[in-house]
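Right, one structure below, let's go through it.
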Amino acid sequence: MKPLKKTCTFLLLLLFFLMEGDGICQLAIGQWRNHLSYKAGISITQSNDLIYCASESGVFQLEKNRYELNTLSKVSGLSDVDVSALRYNFFDNTLLIAYKNANIDLVQGKNIYNISDIKRKLITAKKIINNIYFINGLAYLACGFGIVVVDLDKKEIGDSYYIGQNSGYINVHDITSDANYIYAATDSGVYRASWNSSNLADYNSWQKFSLLPKGMYNTIVSFAGKIIANNHPYSCNIYGCDTLYVYDGTQWTHFLKLDTSFFPVRKLETGANKLLIPYPGATDIFDLNFNWLGRINSYTTGLNLDPFQAIIDNNVSDVTWIADHNYGIVKNYQIWSGTNYFFPNGPNKSQVYAMQISNGDLWTAPGSRNDLWVGSSHFAEAYKFSSENWSSTTGTSGIGTTVIAALDTMRDIVSVAIDPVDKEHVYLGTLGQGIVEIKNGALVNLWNESNTGASGLQSRGDATFHWVGIFGMTFDQNNNLWITNCYATNPLVVRKATDGTWQNFNFSPSATTPTIGQIIVTKNNQKWMVLPRSGGMLVFNDNGTWGTGDDNKIHLSFPSCVNNISGNNSDIPTDALCLAEDNDGEIWVGTDKGIMVFYCADQIFSSTGCKAQQIFIQQDTHTQLLLETEEVTAIAVDGANRKWIGTQNSGVYLMSADGTQQINHFTADNSPLLSNEITSIVIHPKTGEVFFGTSEGIISYRSDATQGLEDFTDVYVFPNPVRPDYEGPIAITGLIENAVVKITDITGMLVYQTKALGGQAIWYGKNFKGENARSGVYMVFCSNDDGSKTYVAKILKVN
């Protein structure tokens, strides 16, 4: 029977490829993926055939021979983000990943084991794992409060050593040992304890070296029968502030000579009878006799290196691997020879404040602001995700970057607007320096204090201080660019599509030089703007003319703009934070106390006006307001008119179209979501991929809803063919909005029927009884409500 089954399967596959079918390979529905920067390497280790590197945003591995890169993340099973250190133990082939919150993952082959005891424990000291030191099957963790021993075989905490005075907490930066002692480099000096001690958990077993200079020691290593420790002053940011000391078992002396001093030393390492000393710009290498063998730096590599840790390859002693803050992994073949660098594709940095998507391209603004809604001096950069590849626009040269020199002196890009006619024409809004206009990767113009007369933008400040803050930008249906100019007398500005001229608008006395944030343009040409810091909202309509005599303007303030059904004033929001228009023309507002909706937004300027409504939902047996305890920071509407709602502290909620039913709730604990702090959300209309901007970077999720089309012009099915090992959703996408979809077998018998979520329908390969449909070709009949538009597709299913 098995040969017959294989023959039938082959014939079905052959039949499928002879049919008129269409298949596209893409992210599966329900699947997640990260969009992080891996350039900023901070820790590096190796197995026999792999190099592992921790960057500021994630972990990745490199195959030594084939140079293939793979990432390790919450998507692939890790339990956390923000790695502080990692190290591979050859004793039991375990990769230990330590996080800044003291969480621990043990990676053994394809298995990942989490040890969260320290993370969950209530400790008043700093909970961080600074470094890792192995002795056979035990891992000694240098923590912000002491030393923790992990039994790798039992996968549990073995012991904890609080080595400060009277068992007090002390920040341990690094650990090493020799045949007789274990050593700890701490905030207040170097400690040691004898291996013969009956109880290392007793602080009396630990003695501090009294003859060493006082201060913090950030790294320590055993090399050539001696102990080497680095004295690192807290304010060390200049050349010559660190001092290395060597202990020969009797006394401490300066490393090499009396006046030896270094740039801030990072992590000391040894290997192949060599000592490696990384510091900003270079890595120095010494032999067993402390003879200097050479230096890996920009002069020998051509790279602007910033190494944090360096190791010698355990198979080829002339090869050095470096965790570099600019290039991820750096491979140096010999000290004075060639160099390569490796990191997975991603944005230049992981920070994200706002995102915009248009014509398949995603742009991100990584700037930042403080509570006063002014910038935080984040370098002016912007990142683009196009054709599955990330590129960066910056002010300085770098790998995979487009350089616009003017950005070098600018800060805090917090908004992006993509020209709907030309996706290579992009506007970047900054906090302080106005707008950067670029096209095809080149600077077109800077619209700032030097040309405010031409642009209509206004600066804040006196004759010597100029600040042009741009928080919101968007295009209307006629391709006019609308801009919010923060703290300006005329805070709303438009650049006209017809002739490129600018015009601004005044809202005095209701809003004078306001803090003004996000702006949206609705289907009926209303401009809705957020006035954060308890300012409410502005709504404006130019009524199709550029003359100001017929404009409609209204200031919506709290609590008067809200229909207070509950009668409880404490439930009324005090701050609007974000806006979105749904597919029915309703305006959804994210506030400091959940969600409110303007169902009659088209009547906002009428004599009766329009007040916002809060949504009441049933929670267990109680009636309560939707997300009333949440600070809502982002709202996006998908093709099925469902609402994706991001919060400040509780992750992302997916709510039904009317907001009364919770479909999903993603948090950092129950999903690969990087953080519960959400900064922005955008949705790819064609694929349904939802991009979440978080405090830890961007991660995306392939949703089951897409934007519906006006006709059946781009229908396809995936996966197709459906192979025996596949049990997930089968998507029929590219449909007319809310299309009716019927699936029949080849004889015409109805197997399943559903309705599209926007422009996409889902089938799980089962019939109406919930039974797995048999192998064969299935016909997919799609139509709109009245049957005037139809389309037929095919699915091959193989069991």
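The values are calculated or read from the model by the stated rules, or taken from the named source; none is laboratory data. Here the structure is a predicted model, which is why all the values come from computation and not from measurement. Methodologically, a virtual Cβ is constructed for each residue, glycine included, from the backbone with ideal geometry; neighbour enumeration extends over all protein chains shown. To get the accessible areas, we keep the full protein, side chains included, count just its heavy atoms, and leave off ligands, DNA and RNA. Shrake-Rupley method; radii C 1.70, N 1.55, O 1.52, S 1.80 Å.
Do we find that residue 583 is open to solvent by 40 Å² or more (accessible area, probe 1.4 Å), closer than 25 Å to residue 708 by Cβ and part of a loop (DSSP other than H, G, I, E, B) in this structure?
Yes; evaluated as a whole, the condition is true for this residue.
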Given the criteria within 22 Å of the chain's Cα centre (by Cα) and either at pLDDT 95 or above or open to solvent by 30 Å² or more (accessible area, probe 1.4 Å) (or both), does residue 595 qualify?
no
Lone unmet requirement of (1) under 22 Å from residue 203 (Cβ atoms); (2) open to solvent by less than 20 Å² (accessible area, probe 1.4 Å); (3) out of contact with any Ser or Thr (no Cβ under 6 Å at 6 or more places or on another chain) for residue 97
(1)
Return yes or no: is residue 326 open to solvent by 50 Å² or more (accessible area, probe 1.4 Å), touching a residue at least 60 places away in the same chain (Cβ under 8 Å), farther than 28 Å from residue 396 by Cα and part of a loop (DSSP other than H, G, I, E, B)?
no
Being within 37 Å of the chain's Cα centre (by Cα) and open to solvent by 60 Å² or more (accessible area, probe 1.4 Å) is the requirement here; does residue 771 meet it?
no
Selection from the stretch 529-546 of residues open to solvent by 60 Å² or more (accessible area, probe 1.4 Å) and farther than 22 Å from residue 476 by Cβ yields 533, 534
Counting just the residues of the stretch 737-759 that are open to solvent by 10 Å² or more (accessible area, probe 1.4 Å) and under 33 Å from the mean Cα position of the chain (by Cα), which one comes out nearest to residue 797 (Cα to Cα)?
757
Restricting attention to the stretch 774-799, which residues are open to solvent by 40 Å² or more (accessible area, probe 1.4 Å) and not in a loop (DSSP other than H, G, I, E, B)?
781, 790, 791, 792, 794
Just name the residue that is most open to solvent (accessible area, probe 1.4 Å) out of those in the stretch 466-483 that are under 18 Å from residue 579 (Cβ atoms) and polar (S, T, N, Q).
477
Criterion violated by residue 362 - all others in (1) without any contact (Cβ under 8 Å) to a residue 60 or more places away in the chain; (2) touching a strand residue (DSSP E or B) at 6+ places or on another chain (Cβ under 6 Å); (3) not hydroxyl-bearing (Ser, Thr, Tyr) satisfied:
(1)
Would you check if residue 79 is under 24 Å from residue 134 (Cα atoms), buried (at least 19 other Cβ atoms within 10 Å of the Cβ) and within 17 Å of the chain's Cα centre (by Cα)?
no
May I ask you to list the residues in the stretch 272-303 that are part of a strand (DSSP E or B), open to solvent by 10 Å² or more (accessible area, probe 1.4 Å) and under 20 Å from residue 341 (Cβ atoms)?
279, 295, 297
Checking residue 111 against (1) more than 16 Å from the chain's Cα centre (by Cα); (2) open to solvent by 10 Å² or more (accessible area, probe 1.4 Å); (3) on the phi > 0 side of the Ramachandran plot, which test does it fail?
(3)
Taking residue 341 as meeting all but one of (1) in a loop (DSSP other than H, G, I, E, B); (2) modelled with pLDDT of 95 or more; (3) in contact with an Asp or Glu (Cβ under 8 Å, 6 or more places away or on another chain), write down the number of the exception.
(1)
When residues of the stretch 352-386 are filtered for being within 16 Å of the chain's Cα centre (by Cα), buried (at least 24 other Cβ atoms within 10 Å of the Cβ) and outside any strand (DSSP E or B), how many remain?
4
Residue 549 passes all but one of the listed conditions (1) under 28 Å from residue 469 (Cα atoms); (2) open to solvent by less than 10 Å² (accessible area, probe 1.4 Å); (3) small (Gly, Ala, Ser); (4) free of Cβ contacts under 8 Å to residues at least 60 places away in the same chain; the exception is number (2)
Residue that is surrounded by the fewest Cβ atoms within 10 Å (Cβ to Cβ) [pool: residues in the stretch 114-126 that are of a type in the set (D, E, K, R) and more than 20 Å from residue 59 (Cβ to Cβ)]:
120
Options 640, 636: the member that is of a type outside the set (Lys, Arg), within 32 Å of the chain's Cα centre (by Cα) and in a loop (DSSP other than H, G, I, E, B)
640
